[in-house]
Amino acid sequence: MTIEREKGWRDIGWCIRPLKTLSVTSCLKEVHAEQPGRLWYSSDPRPTAEAAMSLAGKSMAPAIADLAMDLMEQDRPIEAAGWKIEWFGGVSKGQVHFNMTRPGAPGCWQVCVGFEREVSEQGEIKRAALDAENAKMDPRELVLRLLNDEETEETAFRAKEGNFRAPRRGDEVSVISATALRSFPDVPPGPPARISNFNCTDAQGPFDPDEIYWPGIALTAHAPLIWDDRAINASGDLGRSDVFLGPEVLCVLSTVLQELGKEGQVAEAMEKYVKQGFWSSCTGRAILLEELGLCAVREARGFLDNSVMEVLATVSALAAEKSVASVMEDYRTLITRLPALGFDHAETQYDCNDMDDFLHVTRDGDIATLHLRTENGEYRLVHDEDSGTFLVHDCAREQGLGSFEVEQDENGTWNAKILSASDEYSSRTVTSFNDAVRITSSASCCLEEDHPIEEEGFSP
């Protein structure tokens, strides 16, 4: 399917179609229209999740900032949607932090609201004096000092808290960040619901969104860089964000803000961005997937709520199904030809990709198993030819990565329908699944080069 698109401003990227002409239903119909083939679908969920996080993060930012002000002014916890929300730490660099926990449940989400810093009365005096000194200096010297990252009076001015006043209600928000904690006082140990322990941190914070990295990062959503009324980047301004943890914490915040009656703030901010329009730095299919994420948030009135999470789950399932369907021909080639070539035991494995990957096939009646060892892990891909089920299993973690129902139509095209996904909700699980699928396809190509069918006189 080809969608005609206009180039973006000054020929940068591509224009996103007006959201008023689209819907989740229409976008999903277009996504489904593409037939599985030798295309990689493993990255499909990312543009949808990133576009949804980007628009929801910007739309919800004023309401999240309002919640932070509520906590500071009341100086006591707020309870909403089953969450206990409590101001944490002081105010530094214009940042206000708060923790969200559920009584009796493990884990904690720590959220930071970074406000645009406003100069205090004391700072205005020092700012004027500093500007007067800078006016006397050769501009070239000023530029050189900046390029050499020298400690300057400007650096000292920005580092002193007294030069800036405390954030106030209504101040512009520069960034919203969130972190997943797996330990917190007075709650059971473990990660927040649906989150992998692997993705969390034991540190208590407060976490500074200006830092390059810290464990447990879920979301870093910046305010957009906007000139005049030009369109904004559909998936831009996210910074360091996780496509699994980010939507999860925004979904939690959505339920909290909705119960606190802040829907109007969110909807107003969302409409402002929708009217400006969007452009994409992606290409082809990824732009359509971004449009799907934007439509989902628009239909949720600016929130990333359960309805948006269902769209993300649908795209993830579709990506997995199409990935399996596109690799089944390669898989069948391997389980047919490898045993015929003697690669049917752990001690007699086929190696490929410069000995990075090792494969062999075993069979138990109608159940064929491809054993795959790659640089990144060990997997079993099991096809029950009688029932039509296909399973992908991570051997190192003893974890199922997904089970599918597969069948071949009258034209020889493979189709797959997901039966169950992995229990672990993390990027690590998806990486393992993609690794197993990609290496299966790669190994089939290598086998054709190493042992051409023409030489053997038969076809699988």
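The values are calculated or read from the model by the stated rules, or taken from the named source; none is laboratory data. On a predicted model such as this, the values are computed, not experimentally measured, just so you know. A quick note on method: Cβ atoms are made from the backbone with ideal geometry, for glycine too, and the neighbour counts reach across all protein chains shown. Quick note on the areas: whole protein, heavy atoms, side chains included, nothing else; ligands and nucleic acids left out. Shrake-Rupley method; radii C 1.70, N 1.55, O 1.52, S 1.80 Å.
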Are any residues in the range 316-334 surrounded by 21 or more Cβ atoms within 10 Å (Cβ to Cβ) and either over 30 Å from Leu292 (Cβ atoms) or in contact with a His (Cβ under 6 Å, 6 or more places away or on another chain) (or both), and if so, which ones? Leu334
For the range 338-383, which positions are closer than 21 Å to Thr431 by Cα and polar (S, T, N, Q)? Asn353, Thr369, Thr374, Asn376
Selection count, the range 384-411, where residues are closer than 18 Å to Thr431 by Cβ, in contact (Cβ under 8 Å) with a residue 12 or more places away in the chain and among the acidic types (Asp, Glu): 1
For the subset of the range 322-361 comprising residues that are among the hydroxyl-bearing types (Ser, Thr, Tyr) and within 37 Å of the chain's Cα centre (by Cα), which member is farthest from Pro45 (Cα to Cα)? Tyr350
If you check Glu151 against the conditions, is it in a loop (DSSP other than H, G, I, E, B), open to solvent by 80 Å² or more (accessible area, probe 1.4 Å) and either at pLDDT 85 or above or out of contact with any Phe, Trp or Tyr (no Cβ under 8 Å at 6 or more places or on another chain) (or both)? yes
Does Ser92 qualify as being closer than 30 Å to Gly190 by Cα and at pLDDT below 90? yes
Go through the range 234-251 and give me each residue that's of a type in the set (Ser, Thr, Tyr) and closer than 13 Å to Ala180 by Cα. Ser241
Looking at the range 92-124, which of its residues are surrounded by fewer than 17 Cβ atoms within 10 Å (Cβ to Cβ) and out of contact with any strand residue (DSSP E or B) (no Cβ under 7 Å at 6 or more places or on another chain)? Ser92, Lys93, Gly104, Ala105, Glu121, Gln122, Glu124
Name every residue in the range 205-220 that is open to solvent by 60 Å² or more (accessible area, probe 1.4 Å) and either touching a residue at least 60 places away in the same chain (Cβ under 8 Å) or of a type outside the set (Asp, Glu) (or both), in order of residue number. Pro206, Asp210, Ile212, Tyr213, Pro215
Residue within the range 396-406 that is modelled with pLDDT of 95 or more and open to solvent by 50 Å² or more (accessible area, probe 1.4 Å) present: yes
All but one of (1) among the hydrophobic types (A, V, I, L, M, F, W, C); (2) surrounded by fewer than 20 Cβ atoms within 10 Å (Cβ to Cβ); (3) touching a residue at least 24 places away in the same chain (Cβ under 8 Å); (4) not in a helix (DSSP H, G or I) hold for Cys446, so report the exception by its number. (4)
Going through the range 221-261 one residue at a time, which ones are surrounded by 20 or more Cβ atoms within 10 Å (Cβ to Cβ) and out of contact with any helix residue (DSSP H, G or I) (no Cβ under 9 Å at 6 or more places or on another chain)? Val249, Val252
